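First up is the structure itself, then whatever we jot down about it.
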Amino acid sequence: MRKVVYGGAMSLDGFIAGPNGEFDWIVTDPEIDFAASMARFDTFLLGRKTFEVMRKMSASAPPTPGIQSIVCSRTLRPEDCPGATLTADAAQVVAALRTKPGKDIALFGGGELFRSLLAAGAVDEVSVSVVPVLLGGGIPFLPSPAGSARLKLRNHHVYEKTGTVSLEYDIAR
C-alpha cells in the first residue's frame, strides 16, 4: 500500500516558515541528495498556502515530469491550479490514492493539511530536517489544536557542514 509521508524543513523551535511565510532560513546541505529522496514519490499533496508559494516560485519552471500534484483547498477554483488536480476533501483523495498502484505520496503541507490528515489517520511517516535556527515564531510544523501521535524513529542523519539533522519516523498505530 502507498504511504503518505509528511516532510520538509523545520526550525529548531518547531516552525516550517517564519512569521510572514519566509523560508530564507532554510540552508541546503551539499550532502543531501534531494533527487534520491524524491524518487520514492509520484504524487505531491499541497495545501492552498503552500501551493500559492510554490506557484510564485516556479512561475517559469515546467511541471515535474512523472509527478501528479494535488492541491487541497476549499477556496481555489480549478482554473487557479493549471496542471494540478484540485480537491476539497484531502482524506477522501488519499483513501482513493492508496487503492491505486503507484509510488508513495509526499505531503508538502502545510501544517494545517498535515494536522487534518494526521487526525484522519492518513499519514504514515514524518520526515523532517531540523535546521539549526531559532525563528521565535512563524508557521508551526503541527498547528494547534492537534491530537497527539506516537512516533517510532526509523532513521536519522546529522549533516556536519550545516548542523542540519534529518529525522525519519513511522507513525505508531
Quiz item: Under the condition of being open to solvent by 50 Å² or more (accessible area, probe 1.4 Å) and farther than 14 Å from Gly14 by Cβ, which residue from the range 103-145 is modelled with the lowest pLDDT?
Solution: Phe108
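If you go through the range 150-173, how many residues are among the small types (Gly, Ala, Ser) and outside any strand (DSSP E or B)? Quick ask: steps written out before the conclusion?
Filtering the range 150-173 for residues among the small types (Gly, Ala, Ser) gives 163, 166, 172.
After this cut, where a residue has to be outside any strand (DSSP E or B) as well, the list is 163, 172.
Residues in the range 150-173 being among the small types (Gly, Ala, Ser) and outside any strand (DSSP E or B): 2 in total.
Could you grab me the full set of residues in the range 124-161 that are among the hydroxyl-bearing types (Ser, Thr, Tyr) and more than 28 Å from Lys103 (Cβ to Cβ)? Reasoning before the result, please.
Quick first cut of the range 124-161, residues among the hydroxyl-bearing types (Ser, Thr, Tyr) only: 127, 129, 144, 148, 159.
Ser144, Ser148, listed by residue number.
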Exercise. Can you work out which of the residues in the range 11-66 that are part of a loop (DSSP other than H, G, I, E, B), among the aliphatic types (A, V, I, L, M) and open to solvent by 60 Å² or more (accessible area, probe 1.4 Å) is modelled with the lowest pLDDT?
Key: Ala59
Self-check item: Filter result (out of contact with any Leu (no Cβ under 7 Å at 6 or more places or on another chain) and either open to solvent by less than 50 Å² (accessible area, probe 1.4 Å) or small (Gly, Ala, Ser) (or both)) within the range 148-166
Solution: Ser148, Tyr159, Thr162, Gly163, Thr164, Val165, Ser166
Quiz prompt | Qualifying positions in the range 68-80 - under 20 Å from Phe114 (Cα atoms) and open to solvent by less than 60 Å² (accessible area, probe 1.4 Å) | solution = Ser69, Ile70, Val71, Cys72, Ser73, Leu76
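For the range 2-40, what are the residues that are touching a helix residue (DSSP H, G or I) at 6+ places or on another chain (Cβ under 7 Å) and at negative phi? Reasoning before the result, please.
First pass over the range 2-40, keeping only residues touching a helix residue (DSSP H, G or I) at 6+ places or on another chain (Cβ under 7 Å): 2, 4, 6, 16, 21.
Correct list: Arg2, Val4, Tyr6, Ile16.
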Quiz item: Just a yes or no: is a residue in the range 146-165 over 19 Å from Arg2 (Cα atoms) and in contact with a Gly (Cβ under 7 Å, 6 or more places away or on another chain)?
Solution: no
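The values are calculated or read from the model by the stated rules, or taken from the named source; none is laboratory data. Just so it is clear, the model here is predicted, and its values are computed rather than measured. Cβ sites come from the backbone with ideal geometry, for glycine too, and all protein chains shown count toward neighbours. Just so you know, the surface numbers come from the protein's heavy atoms only, side chains and all, with ligands and any DNA or RNA stripped out. Shrake-Rupley method; radii C 1.70, N 1.55, O 1.52, S 1.80 Å.
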